1. Every residue in segment 152-174 that is of a type in the set (Gly, Ala, Ser) and farther than 19 Å from residue 73 by Cβ, please.
2. If residue 47 meets every condition in (1) in contact with a Pro (Cβ under 9 Å, 6 or more places away or on another chain); (2) without any contact (Cβ under 8 Å) to a residue 60 or more places away in the chain apart from one, which number is that one?
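Please treat every number below as a calculation from the coordinates, not as lab data. Quick caveat: nothing in here was measured; it's all calculated off a predicted structure. A quick note on method: Cβ atoms are made from the backbone with ideal geometry, for glycine too, and the neighbour counts reach across all protein chains shown.
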Amino acid sequence: MLQPLSNDVQTFVTRDFRLQSGIVMPTVTIAYRTLGVLAPDRGNAVLVTHGNTSGPQMIDPLGSTGEGSWNEIVSPGKAVDTNRFFAICPNMLGSSYGSTNAASIDPATGKPYGPRFPDITVSDIVATQRALLDHLGIGSLVAIVGPSYGGFQAFQWAVNYPGMMKGIAAIVTSPVVPRERSEGNVARLLATLSQDPNWNGGDYYDRGGVLETMTQIRIATLKN
């Protein structure tokens, strides 16, 4: 399900985006939120990467998200001081808060991607963020900061583009997901979704959606 965008969320479109798998997506949209002012030399940017159940609204001054609002971290006088730094929080590829995801229209069919949405990796997510920064004319970062799944992205940035940032702050996360935390996750998720009468193998867009099931999955995720 596509989530409504805040008036403060912008979008960037890149075309013919090649995934790590070799699949080329004709069009990829990345939504993003910024706070602060980009310096004339573009040297004060901090990339904030959100967690699994959040999005760019994580840094909204009055925001509240699954990971907890970061307005006490990304704001004037705080750790990411927006009086000094230009904070950018992109919605990751595949997420439903404005970026291209399974609910987006597949240009080849004119219908939602649904279960045909291509497999993506953290490297793919990071590559779209790099494309966004290139679009903004930002060639280096003060830091990359992110919690949970956002921390995975921060680590991946350090691997893929080690010379592009002065450092990373990866919070409540690890470089590698412990096997006991990840093994069987997709199978369990699909088993839960398949119990919803509207699921239809993932093509549920004309069947009323699976909002209630997704709500329960999100609650369970946040309790974990």
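1. Applying the first criterion (of a type in the set (Gly, Ala, Ser)) to segment 152-174 yields 154, 158, 163, 167, 169-170, 174.
Selection gives 158, 163, 174.
2. (2)
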